[in-house]
Every structure is written in structure tokens, then in C-alpha cells.
Amino acid sequence: MPIFALAAAAAMTLAAPAPPAPGFKIEPLGGGIYAAVRTDPPGLMVDANSLFIVNEADVIVVDAPEASADMIAALRKLTDKPVTYLVNTHWHDDHVIGNAAWRAAYPGVRIVAEASLRAYMASTGAANRRHMIEGAPPFAAQMQAQMDQGKNLRGEPITAEERASYTSDIALVRRYMQVVPQAETVLPDLDVEDGIVLLRGRRRIEIRYLGRGHTAADLVVWLPMERIVATGDLVVWPVPLVGADQSHVRDWPQTLDALLALSPAVFVPGHGPVLRSADYPRAMRDLFADIDTQVDAARAAGAGTLQDVRKRVDLAAFRVRFGGDSKVRQFLFDNYVAAPAVESAWRDSVVTDH
Amino acid sequence: MLGLIAFAALAAADAGIATPPQKSWGPYTYDTVKVGDGVYAFIETMHSIVSGNVIAVIGTRSILVFDTGQHPPMAHAIAEDIKRLSDKPVRYIAVSHWHDDHWVGNADFAAVYPDVQVLAHPFTAAQIAERRATFAGAPCKALLEKQVKPMRDELASGKKADGSPVSDERRKALAVEAAGFDEQEKECDQMRFRGVDLTFESKLAIDLGGRTVELMHLGRGNTAGDIVAWLPESKTLLTGDLLVHPFPFATQSYITEWAAVMHKLDALDATTIVPGHGPVMHDKRYLEDVAALLDALSAQAHAAYRPGMTADELRSKVDFSAFSDRFSHGERFIKINFDYMIGQPAIDRLWQELSGQWKPEGE
């Protein structure tokens, strides 16, 4: 699920063909652990990664993306052991919408989530889904129109990178519309607060709440023996995913500090490739800490409104660090970081005043 | 708790007191008590305080069993009973704490319900894992043999350890207790290990379908890893051995912290309470009695303790006679147990707390 910052303009029918491949690859991480990693190019529209932890007698799965049906087929090629637990790292559709598919495939599966997910799914989650179902097709149509006209969303001549990104977005919207509107909402069986640990012989699977960040309900799945962590959307590559009213940029740095304190060797992010170094999560931490500092400084200097604060926050250096010379990534940074993250930090800092 | 109950039974026999109706050992029988809609307690009848209560909470999708008891054949029979009560599977066992009489039946439930997951506090999980090698088989028998040997010696010689003759009352009691140990030894060969699959530190809520069970660890109490089950819709509380009727089990407990936990339980305002041992309760009176007892013990010990004081010196300064009367209602069998439990291990633990010399549980 993307957090759309774009207002859809044209209302056109979808012309793009359905994606030929499932859009993910299975990456073995050793010890019977497999990441199901999306292969789409970076774009505004995303589906989530998943993680399969195959134990002696059962399987634990992290996240239930829109591609869950294909992921179930992929898992069945790896093992015939039953899935006993499915973890929703948070309540966005691309992490929970497959719950019904996993439940249908493995009736005994127990779905695990942070305790506040239940209420979010019914309120903000349901509203998100409505907006997406209404907004995604016209958005895809607009992207198609941009490509037909040879222009990017800013009206500049479109690059090959942007064309690939838009094509992927359109395909993902198609997939979203095939899966989501008719999917049954399946709520968790287990509501966790501080976390739970699954004991599987020598293997420990720690399902932990480390604090607020991408949402107020982020869980990570940490395998201390293997030093592998599935981060959910606390870590997203190539730029973080921030929701102005759903993320907590003010808490995110210390939540990432708690994640980094585990000293994982392998990060399986919510979106993006498997990361084998802490550099990228650390960069995210620095980005959010800097935004918090700048927002505080702006307010201290007398910026009274969000608009005033925005004028004083300078993220140019981070835009280069995350966006490089890629127009797609720079656009993602502007839409998914700069605009919503400043608002999130501002909101939470205003709340703290009261 | 077997050795302790045998001690009490013999003490009662010596005092010429008729003990409760528990005079034959195995095969175990139990009462099935409907606690409320979809909640059943299985309460052992013969030695009603030896094996922990087993409680089934039945939802529209799955069933949670809170504790599985001491006896493999009984656990198996209860699992079969639950099959008759509901066609839904038992998918969760919650273990209230690590004492054997609350989890030895895990494996028997798992034999009937292979998909089941065992849930507990991490301390409980670690203690149970440590018991793996010794809870069953030869070590189990050796421990029972050690406990029963003095009884067999008395029966054989007709003389107590101090050389005095064994009365008829005592001989009868000894014969019953020794026979009980024989039954227990047979069970040592039937016990199979099933440890813990999932741990949580403070709280875990489980949706069974139309019914929520909140598992909570509220602090150290009877052990360092007690959990309770709270059913918010029906205001039903399953306490494990934080609450035991007719007298508290306080063998290796944390008296002061336990008192605090009891106040948290009191604040839940349960209308139905199933204790770890003993009958289903429909009010909080007994829970509040135990909370008041623990408060009083802790307060008296804290007031009386001076550095360097021995446990026996502390014991002489704590007066719980009013509570002893209140709990025993004139029943000397209960009074003997109560006075032993509170006067010995509970005060020892208070002394350990006050002197900072905690002994690890299980030693």
C-alpha cells in the first residue's frame, strides 16, 4: 500500500496488462529462513516483502502482502510444514490484506499483531482502504496519460527510469484492485503488547514492540541466533515511507536505536532488498533525528504554523543522500519523506506541548 | 505438593483428626464444573488439592486450557471430555506457573490436540525446561521413594523414628499415603515432556472467537512467573496458585510482592474466580482474605525485622493466629496445614526477602 500524496486527476480506464510474474523473488538467508523480496523498481506504489521461517515442525511467516496467494505457492514449493503463526508488522493493507489467504491455506495459523492494530484496522485502516480503492485507478490512469504524453508527474520530459517506475505502479494498482476490494478482513488471534517469544528448539523467534515509528503498532521479528531481523516498515528502502498522520517521526529515531542495539547482521525491510549492513537503517535514524531537531528549532525561532515550520526545515543534504541523482527517488523523497515527515514531527511536537 | 499433603495427613492422624474424604488413590476422579457459558473447570475430587485445577475456555474457533494437572491419565481423560463439549480444537495451553501439578498433563493434551501451543511466562518456561530431565521416569521415582521411605520404615517396624509406637490411626494414614506414592510412581513412567512454545513478559490477549482471554503476569507472587487468565466479557478470573483454597500454598513465594499482585487481582472485580486448587468461587471474599493475610504477614515482618535476626527469631515475632482461625473455620486439618505453610516456608521467605538472601526457587 502506498501512502498517496498525489491527487488523482484524470479518470481513465486501466490499460496496463496484468503483471506477468508474481513480482518477488525468494532469497534464502540460511537455516531454513527465506525472504520473499519484491523485485519492482522503486515507485509510488508498493507491495510488501515477507519472511518465511521454516522450523523443525512448523513455519512462521512475517507479513501478509497483496501477493500472498503467490507467496503461499512459493512457500509450498519450499516445505509442506504448516504455518502456525503469521505476524502483521503493522496494520497497512500491504501487510495484512493476505491474512484471509494465509488462513484459507493454513486454517490453524495464529495471526499476531500489536494490540492497537485491531482498532486501527476498523478505523484508519478502513478509511485508507476506501481512499485507495477510489483513488488508485484514476491515479494509474494519470500515470498512463503522463507516459503517453512523454512527461513525468512534474510535467518534465519523462526518463526511462520514470517510465519503468510508472509502469510498475500501474501494474501494482491493477494487482491491488484485483485483490483488495474483495478481500475479507481477518483480525489477529493474538494481541501482543511488549512482545512474545516463540521457542523452537535452539531457535528463538522474538516478536517485539520497540516503540512507535512508521505507525504506533510496529512489530519487528528478531532471530537472535541468526542475527536476522524483519523490520516491517520501520525500515523501507530506497526512501522511508512516512504517513503524516500515521507515522511518529518524533519517536522513530529511538525506535531505530532500539533496533540497531540488537546489532542485526541482516535486515529484511518492509520494502526494498535485504540489507546486510546497518548503514541504511542508521541513515534513516539520522534523517528523522535531524527533522525532529529542525522542527524544534523552527518552532523555537517562532514558526507558529506547519507552513512556517516547513519554510525553515532544510532537507537538501538528505535528499541527495537518499535520492542520489535518481529523479524517481528524489520524487519519492519529496512525497514520502519531506512533506509528511515534517508534518508528523510538527504534530507530535505540538501534542507534546499540551 | 504430594509430600506436603502426606505430612499434613500424618500430622492430622497423630492428632486424631479425621482427614477429608480422600482415602483412596487412583484412578483419579474429578468433577466437571460449568463455571459459566463456555467455561469448564475440571477439579480433582480424591486428593483435591494435589493436582491443579484444569480449566477449559471454549470459543467459536478455538479452545484455551489453563493448566493441565499432575496426572497423565486424568489429563488425557479431560482432553477427551473437552472433545465431547466442543468440536473446536484446543489450540492453546496456558501454564500458570512451573510447579509440576500444573503442566505435567501438557503432553497428554498434545496427544489429543497435536496443533496445541503451550504459553507461559519466560521464568516458567525456563524452570520447566530445567525439569525436563528429572520430572519423570527414574528421577521421579527416586524422589518419591525418598519421601515415602520413612513411612514404609514405620509401617514395617511399627515404630516412629523416635522409637515410640505407631498408633492405629497413624498406621491407617501411613498405609493410605504409601499406597498413594505407589500410584504416583506408576505415573512416573506415563509422564511425557511437553515444554513451552511461546512466552510473554506481561500481557497477551487471545481471541478464541467470540471470547477474549487476557493472560497477564502482574509481578512475582507464588512464583516469579505466575500468570492469570482474565475473561473480561464474563468477569471470570483464573488465578493459578496465586489463590489456593482452603489455605495458601506459600512454599517458595515472594510474600510482599504477592500481596501487591493480590490487590491488582482484587481491582479486576471478578464475579467468578477459579483458584489453582479448590472450588469455584462466586465472590471475592476469599481472595480478599488471602490479600489481607499477605499484607499482615509482610507488615509484621517488616516491622519486626532487624539486621542479623535469624528466620526463627523473625518467626517468633509474627502472629498470624487470627488468620489461622479465620481460614480454618475450626477444621483442624486445615489449621495444621495453614499453620505449617504460613509459619514455616512463608516466614522463611519473608526472612529471605528482608535479609536480601533469596534462595532460588526449585532448590
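I'd like to check something: does segment B:308-326 contain any residue that is under 22 Å from the mean Cα position of the chain (by Cα), surrounded by fewer than 19 Cβ atoms within 10 Å (Cβ to Cβ), in the same structural domain as B:VAL213 (by TED's automatic domain parsing) and basic (Lys, Arg)?
No, there is no match, as no residue in segment B:308-326 is under 22 Å from the mean Cα position of the chain (by Cα), surrounded by fewer than 19 Cβ atoms within 10 Å (Cβ to Cβ), in the same structural domain as B:VAL213 (by TED's automatic domain parsing) and basic (Lys, Arg).
In segment B:46-86, how many residues are over 19 Å from B:VAL274 (Cα atoms), modelled with pLDDT of 95 or more and buried (at least 24 other Cβ atoms within 10 Å of the Cβ)?
Number satisfying all stated conditions: 1.
Of the residues that sit in segment A:196-219 and are among the β-branched types (Val, Ile, Thr) and more than 23 Å from A:ASP348 (Cα to Cα), which one is surrounded by the fewest Cβ atoms within 10 Å (Cβ to Cβ)? Outline the logic, then answer.
Pass one, segment A:196-219, residues among the β-branched types (Val, Ile, Thr): A:196-197, A:205, A:207, A:215.
Now restrict to residues that are more than 23 Å from A:ASP348 (Cα to Cα): A:196-197, A:205, A:207.
Working: A:ILE196: 22, A:VAL197: 20, A:ILE205: 23, A:ILE207: 25.
Ranking the qualifying residues of segment A:196-219, first place goes to A:VAL197.
So A:VAL109 clears everything in (1) away from every other protein chain (no Cβ under 14 Å); (2) crowded, with 22+ Cβ neighbours inside 10 Å except one condition, right? Which one?
It fails just one condition, (1).
Inspect segment B:117-125 for any residue being touching a residue at least 12 places away in the same chain (Cβ under 8 Å), β-branched (Val, Ile, Thr), touching a Lys or Arg at 6+ places or on another chain (Cβ under 7 Å) and within 30 Å of B:TRP258 (Cβ to Cβ) and give the result as yes or no.
Keep residues of segment B:117-125 that are touching a residue at least 12 places away in the same chain (Cβ under 8 Å), which gives B:117-125.
Among the residues that remain, those that are also β-branched (Val, Ile, Thr) are: B:118, B:124.
Checking which are touching a Lys or Arg at 6+ places or on another chain (Cβ under 7 Å) leaves us with B:118.
Still in the list and also within 30 Å of B:TRP258 (Cβ to Cβ): B:118.
Yes, there is a match, as at least one residue in segment B:117-125 is touching a residue at least 12 places away in the same chain (Cβ under 8 Å), β-branched (Val, Ile, Thr), touching a Lys or Arg at 6+ places or on another chain (Cβ under 7 Å) and within 30 Å of B:TRP258 (Cβ to Cβ).
Which one of the conditions (1) touching a residue at least 24 places away in the same chain (Cβ under 8 Å); (2) within 26 Å of B:ASP241 (Cα to Cα); (3) within 14 Å of chain A (Cβ to nearest Cβ) does B:GLY210 fail to meet, given that it meets all the rest?
Every condition holds for B:GLY210 apart from (2).
So is B:GLU233 at pLDDT 95 or above, more than 14 Å from chain A (Cβ to nearest Cβ) and over 18 Å from the mean Cα position of the chain (by Cα) or not? Break it down into steps so the answer makes sense when it comes.
Numbers: at pLDDT 95 or above: yes; more than 14 Å from chain A (Cβ to nearest Cβ): yes; over 18 Å from the mean Cα position of the chain (by Cα): yes.
Considered against the rule, which asks whether it is at pLDDT 95 or above, more than 14 Å from chain A (Cβ to nearest Cβ) and over 18 Å from the mean Cα position of the chain (by Cα), B:GLU233 comes out as yes.
Quickly run through segment A:276-289 and pick out the residues that are out of contact with any Lys or Arg (no Cβ under 8 Å at 6 or more places or on another chain) and surrounded by fewer than 19 Cβ atoms within 10 Å (Cβ to Cβ).
A:ARG276, A:SER277, A:ALA278, A:ASP279, A:ARG282, A:ASP286, A:ALA289
Assess whether A:ASP257 counts as being of a type in the set (Asp, Glu), out of contact with any helix residue (DSSP H, G or I) (no Cβ under 6 Å at 6 or more places or on another chain), without any contact (Cβ under 8 Å) to a residue 60 or more places away in the chain and surrounded by fewer than 19 Cβ atoms within 10 Å (Cβ to Cβ).
On the way: of a type in the set (Asp, Glu): yes; out of contact with any helix residue (DSSP H, G or I) (no Cβ under 6 Å at 6 or more places or on another chain): yes; without any contact (Cβ under 8 Å) to a residue 60 or more places away in the chain: yes; surrounded by fewer than 19 Cβ atoms within 10 Å (Cβ to Cβ): yes.
Judged against the criteria, A:ASP257 is a match.
With respect to the numbered conditions (1) within 22 Å of A:ARG103 (Cα to Cα); (2) free of Cβ contacts under 8 Å to residues at least 12 places away in the same chain; (3) away from chain A (no Cβ under 14 Å), which one is the sole condition not fulfilled by B:ARG84?
The one condition B:ARG84 does not meet is (1).
So which residues in segment B:179-207 are within 7 Å of chain A (Cβ to nearest Cβ) and more than 22 Å from A:LEU117 (Cα to Cα)? Steps first, answer last, please.
Residues of segment B:179-207 that are within 7 Å of chain A (Cβ to nearest Cβ), as a first pass: B:196-207.
The answer is B:VAL196, B:ASP197.
The values are calculated or read from the model by the stated rules, or taken from the named source; none is laboratory data. None of the values given here were measured: they were computed from a predicted structure. Positions of Cβ are generated from backbone atoms using ideal geometry, with glycine treated the same way; all protein chains shown enter the neighbour counts.
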